[in-house]
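Student: Sharing a structure here in structure tokens format.
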Amino acid sequence: MQASEVPRAVAAAMSTASSLGLTVDDAIVLHDSNKLSLRLLPCDVLARVAPVAHQVAQFEIELAQRLAESGSPVAALDPQVEPRVYERDGYVVTLWTYYEPATPQEVLPADYANALKRLHAGMRKLDIPTPHFTDRVEQAQQLVASRDRTPALADADRELLGNTLQSLRRAIGESGGAEQLLHGEPHPGNVLTTKNGLLFIDFETCCRGPVEFDLAHAPEEVSEHYPGVNQGLLRECRILVLAMITTWRWDRGDQLPNGRRLGTEWLSQMRAALDRYGLDTRG
């Protein structure tokens, strides 16, 4: 979120919670990306705030509720208020249970894999319309193709990213493997370590595809504990995901701290991975 928007977003969250009868004297910013995550005190509620034009909050709430009902490891909405999207001053606000981080902070790969397996099992029971993972790849392709949106991207890097996205999108899409509802980005930043175990958050990137696409976002050790993984498909998904997140970092509107530095590092990692596995994405 743009720095200039943060004070208004915080005020929208605090006033929304107060209007619902929660006691709010302070707000602590926990995470700031495309949306703002706040810990509201002393009511101890987690508020997530995003501009009205850039949100899928209603979908996220409905999905989280249905997954919670099936016993999936997901963060719960705050039980003190009606579970819905609140709109105030150009922002949407959703209110969630705040989980005090458990100690130790280190997450064992086997626990991570088990939680993701349980999440996928719960997701297989749901029949809801969601984008295909290739739709998200196409968004990255459009970004690479637009010099206006990625002006700092060198021609050679633009060609490499474009070719990699195109060839791996096709190869994975034509692999013929089983597909299902996915989290979309179950990386460590979207996993809470709580006294109730590992819980997944942030379902706005939910899509359909092979489970290997989700596993590609997790640390490599996690896949060693997940049953039935197609290792060749997982390698392709890892490089595809690396190409996608690298592309986002070159968006001139990217707000991730140190995003450009990460984009440069990830380009090098992507080249190394393509060389290591002998993948030719030029045609």
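Student: Go through the range 52-103 and name the trypsin sites (Lys or Arg not before Pro) that are in a DSSP coil and have 14 or fewer other Cβ atoms within 10 Å of their Cβ. Could the numbers behind the result be given before it?
Tutor: On the way: sites: 66, 84, 88; in loops: 84.
In loop regions of the range 52-103 (DSSP not H, G, I, E or B), the sparsely surrounded trypsin sites (Lys or Arg not before Pro) are 84.
Student: Label residue 33 and residue 15 with points 7 Å out from Cα along Cα→Cβ: what is the distance between them in nm?
Tutor: 2.8 nm
Student: While we're on this one: As an exercise, find the ratio Rg/Rh for the range 3-97 from alpha-carbon atoms, using the Kirkwood inverse-distance average for Rh. Walk me through the intermediate numbers first.
Tutor: Values: Rg = 12.6 Å, Rh = 13.3 Å.
Ratio value, two decimals: 0.95.
Student: Which value in deg cm²/dmol, rounded to the nearest 500, describes the helix-derived mean residue ellipticity at 222 nm for the chain, given -39,500 (n - 2.57) per DSSP H run of n ≥ 4 and division by the residue count? Present the calculation step by step, with values, prior to reporting the outcome.
Tutor: Numbers: 9 runs with 121 residues, N = 283.
When only DSSP H runs of four or more count, the value is -13500 deg cm²/dmol.
Student: Further, regarding this structure: Compute the acute angle (0 to 90°) between the alpha-carbon long axis of helix 6-19 and the principal axis of greatest extent of the alpha-carbon atoms of the chain; round to the nearest 10°.
Tutor: 40 degrees
Student: With a Cα-only, solvent-free Debye model of the chain, what are the log10 I(q)/I(0) values at q = 0.11, 0.13, 0.17 Å⁻¹?
Tutor: Debye intensities relative to I(0), on a log10 scale: -0.69, -0.96, -1.46.
Student: Would you mind checking the tilt of helix 259-276 against the longest principal axis of the Cα atoms of the chain, expressed as 0 to 90 degrees and rounded to 10?
Tutor: With rounding to tens, the tilt is 40 degrees.
Student: Something else now. What residue among 93, 216, 193 has its Cα farthest toward the positive end of the dipole of the chain, where the charges are +1 on Lys, Arg and -1 on Asp, Glu, each on the Cβ?
Tutor: So the residue we want is 216.
Student: Once you compute Rg and the Kirkwood Rh from C-alpha atoms, what is the Rg to Rh ratio for the range 94-246? Each step should come with its number before you reach the end.
Tutor: On the way: Rg = 16.6 Å, Rh = 16.6 Å.
Using only Cα positions, Rg/Rh for the range 94-246 is 1.00.
Student: Sequence gap at least 6, Cα distance under 8 Å: using those rules, report the relative contact order of the chain to the nearest whole percent. Please list the in-between numbers first.
Tutor: Working: 425 pairs, mean separation 48.3, N = 283.
It rounds to 17 percent for the chain.
Student: Excluding residues on the same chain fewer than 8 positions from residue 35, give the aspartates and glutamates whose Cα lies under 16 Å from its Cα.
Tutor: Qualifying aspartates and glutamates at Cα under 16 Å: 5, 60, 87, 89, 185, 202, 204, 254.
Student: Further, regarding this structure: Tell me the carbon and sulfur percent of the accessible area for the chain, rounded to whole percent, probe radius 1.4 Å.
Tutor: Numbers: 6630 of 13650 Å².
Carbon and sulfur: 49 percent of the exposed surface of the chain.
Student: Between the helical axis of 57-69 and the dominant principal axis of the chain, each derived from Cα atoms, what acute angle in degrees is found, rounded to the nearest 10?
Tutor: Here the helix axis deviates by roughly 90 degrees.
Student: Follow-up question, since we're still on this one. What figure, in Å² to the nearest 10, do you get for the accessible area of residue 242 with a 1.4 Å probe and non-protein molecules left out?
Tutor: Per-residue accessible area (residue 242): approximately 30 Å².
The values are calculated or read from the model by the stated rules, or taken from the named source; none is laboratory data. Nothing here was measured: the structure is a model prediction, and the numbers come from that model. Methodologically, a virtual Cβ is constructed for each residue, glycine included, from the backbone with ideal geometry; neighbour enumeration extends over all protein chains shown. All accessible areas refer to the heavy atoms of the entire protein, side chains included, with ligands and DNA or RNA removed. Shrake-Rupley method; radii C 1.70, N 1.55, O 1.52, S 1.80 Å.
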